[in-house]
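Contents: one structure, followed by commentary.
The values are calculated or read from the model by the stated rules, or taken from the named source; none is laboratory data. Please read these numbers as outputs of a predicted model, since none were measured by experiment. Virtual Cβ from ideal backbone geometry, glycine too; neighbours counted across all protein chains shown. Accessible surface areas use protein heavy atoms only, side chains included; no ligands, DNA or RNA. Shrake-Rupley method; radii C 1.70, N 1.55, O 1.52, S 1.80 Å.
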Amino acid sequence: MLNEDSTRMLGKLLYILKRLSHEWYVTKLCHANVNDFNNAHLPVFMSIGTKGISNGQLAAKLSITKQAASKVIKELEELKVVRSEKCATDARSMMLYLTDDGIRFYEHIKNQMTLLEDQYKKVVGAKNYETAVNVMLKLIDYHEHLNKAVLN
């Protein structure tokens, strides 16, 4: 049965959380250092990390196609926060690395995320925060499996 308490409607909660998260994201992360950095860039950029990663590993890590990863990588290269090189051990593969500006921006994002996580933990408590993260991971896994089932 649909919950008729409008303060607890899932659709409304997801919409509000997405909107407020986006506002935080725009003010605290993106426009602080790199103009034109957007929501689609964040998971790809942060997954490259400070050690680098191959395009194939990146796509697998994010459960996206290599083509989708390549599109975002190209945009990140245009922003001069990512560079790519042919892999020394496999010429067919490209390795992705953060530029010096990219490393500074990566550290900025990491610091802002840590501050937000600390605030969340103050609001709901560390145990509830960890539970919320675990629940989100399970919901993501559910939707990923659902999407795979639809494609097969």
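Residues in the range 33-45 that are open to solvent by 50 Å² or more (accessible area, probe 1.4 Å) and assigned to a helix (DSSP H, G or I): N33, P43. E77 passes every criterion in (1) of a type in the set (D, E, K, R); (2) in contact with a strand residue (DSSP E or B) (Cβ under 7 Å, 6 or more places away or on another chain); (3) farther than 27 Å from S21 by Cα; (4) surrounded by 12 or more Cβ atoms within 10 Å (Cβ to Cβ) apart from (3). If you go through the range 112-133 and pick out every residue that is within 21 Å of L42 (Cβ to Cβ) and either open to solvent by 80 Å² or more (accessible area, probe 1.4 Å) or in contact with a strand residue (DSSP E or B) (Cβ under 9 Å, 6 or more places away or on another chain) (or both), you end up with 3. Are any of the residues in the range 85-98 on the phi > 0 side of the Ramachandran plot, assigned to a loop (DSSP other than H, G, I, E, B) and not charged (D, E, K, R)? No, every residue in the range 85-98 fails to be on the phi > 0 side of the Ramachandran plot, assigned to a loop (DSSP other than H, G, I, E, B) and not charged (D, E, K, R). Here I140 clears all of (1) at pLDDT 90 or above; (2) farther than 19 Å from G49 by Cβ; (3) open to solvent by 80 Å² or more (accessible area, probe 1.4 Å); (4) of a type outside the set (K, R) except the condition numbered (1).
Restricting S54, S84 to residues that are in contact with a strand residue (DSSP E or B) (Cβ under 7 Å, 6 or more places away or on another chain), open to solvent by 20 Å² or more (accessible area, probe 1.4 Å) and among the hydroxyl-bearing types (S, T, Y) narrows the list to S84. Of the set (1) more than 15 Å from the chain's Cα centre (by Cα); (2) within 25 Å of D141 (Cβ to Cβ), all apply to I64 but (1).
Of the residues making up the range 93-111, those that are open to solvent by less than 40 Å² (accessible area, probe 1.4 Å) and polar (S, T, N, Q) are S93, T99. Among the residues of the range 66-74, is there at least one that is farther than 27 Å from K148 by Cα, without any contact (Cβ under 8 Å) to a residue 24 or more places away in the chain and polar (S, T, N, Q)? Looking for residues that are farther than 27 Å from K148 by Cα, without any contact (Cβ under 8 Å) to a residue 24 or more places away in the chain and polar (S, T, N, Q), one finds none in the range 66-74, hence no.
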